[in-house]
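I have placed the structure first, in the form of C-alpha cells, so that the comments after it can refer back to it.
The values are calculated or read from the model by the stated rules, or taken from the named source; none is laboratory data. The structure presented is a predicted model; accordingly, all values stated were derived computationally and were not measured. Cβ sites come from the backbone with ideal geometry, for glycine too, and all protein chains shown count toward neighbours.
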C-alpha cells in the first residue's frame, strides 16, 4: 500500500526545501458523476507540519485545492536529521500522519 | 489576457463556473460554509454576503489594512489548459510573515487555502489549486501590521469547476 503522505526534503543554501504530497481525492461536492448525481464532498480540511514536535506550518485547505495536494515550503532553521511529521484531517473525520527525517 | 502582476484597484469577477449554475447551487446548498477552509474563513464569510463577493472585501476582512504590494509575488501559468490542477506559488519579500493566503475571484469560495507560518519558515508556499475559469489569483501575506497582497491574471481553457 502506497504511503498516502510522501515527504521529500533537500538541503540548499542553509535551509531545507520540503515537498509534501498528500494523496486524497479532494472532492468538492460540486461535481456530478456519469448519472448526473452529485459526488459527495471529501477533502482535507487541515494539515499540520511539525519539526521535532514544534508546529511550523498549519495549513487550511478545502475544495479549491487540487486532488492529491502537493505543498512546497522552506524551513530556514531546521537542523539536519530533524524529524518532520505531517498530519492531515479531512471532511469525513479521517486522519493520516507520516514522519520523515529532514535532509 | 496578459499575465502581468497587478496591484491596486478592485476588479469584477471575470467569469462564472464553467458548470453554469455551479456557484448558485453551491451557495444555496449550504455547502458554502461547510466547505470553507476552517473557522477563520467562516468568520470572514460571515462578513461578506454570498454569492457575489469582492476579493477586496475578503482581503480587508482577513485583516486590515490590506495593501496591494510589490513585495508579494504570485507565480502561476498565464494560460492553463486544465483548471483542475493549477500550480501557484506565493512569495513575500517581507519579515515576520505570520500567514500566507491564496485567493481567487472566479471560484465559489474566495479563499483557496491559507497557511499559518511559524518563525523559521520562509514566507513562500507552493500549492496546486482548482480554478473554475479565467480571472485573477491573489496571494496575500499577513503580518502584525496588516495584509500585503498581489494578483496575477490567468486564462483557463477548461475550468476545474469542482
| Number of the exception - residue A:60 against (1) out of contact with any helix residue (DSSP H, G or I) (no Cβ under 7 Å at 6 or more places or on another chain); (2) within 12 Å of another protein chain (Cβ to nearest Cβ); (3) crowded, with 21+ Cβ neighbours inside 10 Å; (4) closer than 20 Å to residue B:117 by Cα | (1)
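Which members of the range A:63-83 meet the condition of being surrounded by fewer than 17 Cβ atoms within 10 Å (Cβ to Cβ) and closer than 15 Å to residue B:124 by Cα?
Within the range A:63-83, the subset surrounded by fewer than 17 Cβ atoms within 10 Å (Cβ to Cβ) is A:68, A:76-77, A:79-81, A:83.
Matches in the range A:63-83: A:76, A:77.
For (1) in contact with a helix residue (DSSP H, G or I) (Cβ under 8 Å, 6 or more places away or on another chain); (2) on the phi > 0 side of the Ramachandran plot, each residue gets a yes or a no:
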position	(1), (2)
A:14	no, yes
A:19	no, no
A:26	no, yes
A:31	no, no
A:42	no, no
A:46	yes, no
| message | It is to be established whether one or more residues within the range B:87-101 are in contact with a helix residue (DSSP H, G or I) (Cβ under 9 Å, 6 or more places away or on another chain) and in contact (Cβ under 8 Å) with a residue 24 or more places away in the chain. | response | yes
| query | Would you say residue A:33 is surrounded by fewer than 18 Cβ atoms within 10 Å (Cβ to Cβ) and in contact (Cβ under 8 Å) with a residue 40 or more places away in the chain? | reply | no
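Test residue B:133 against the criterion of being modelled with pLDDT of 95 or more and over 24 Å from residue A:46 (Cβ atoms), and give yes or no. Quick ask: steps written out before the conclusion?
Details: modelled with pLDDT of 95 or more: no; over 24 Å from residue A:46 (Cβ atoms): yes.
No, not satisfied.
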| Of the residues A:53, A:94, which is more than 10 Å from chain B (Cβ to nearest Cβ) and on the phi > 0 side of the Ramachandran plot? | A:53
| message | So residue A:72 ticks every box in (1) facing chain B (nearest Cβ under 7 Å); (2) touching a residue at least 60 places away in the same chain (Cβ under 8 Å) but one. Which box is left unticked? | response | (2)
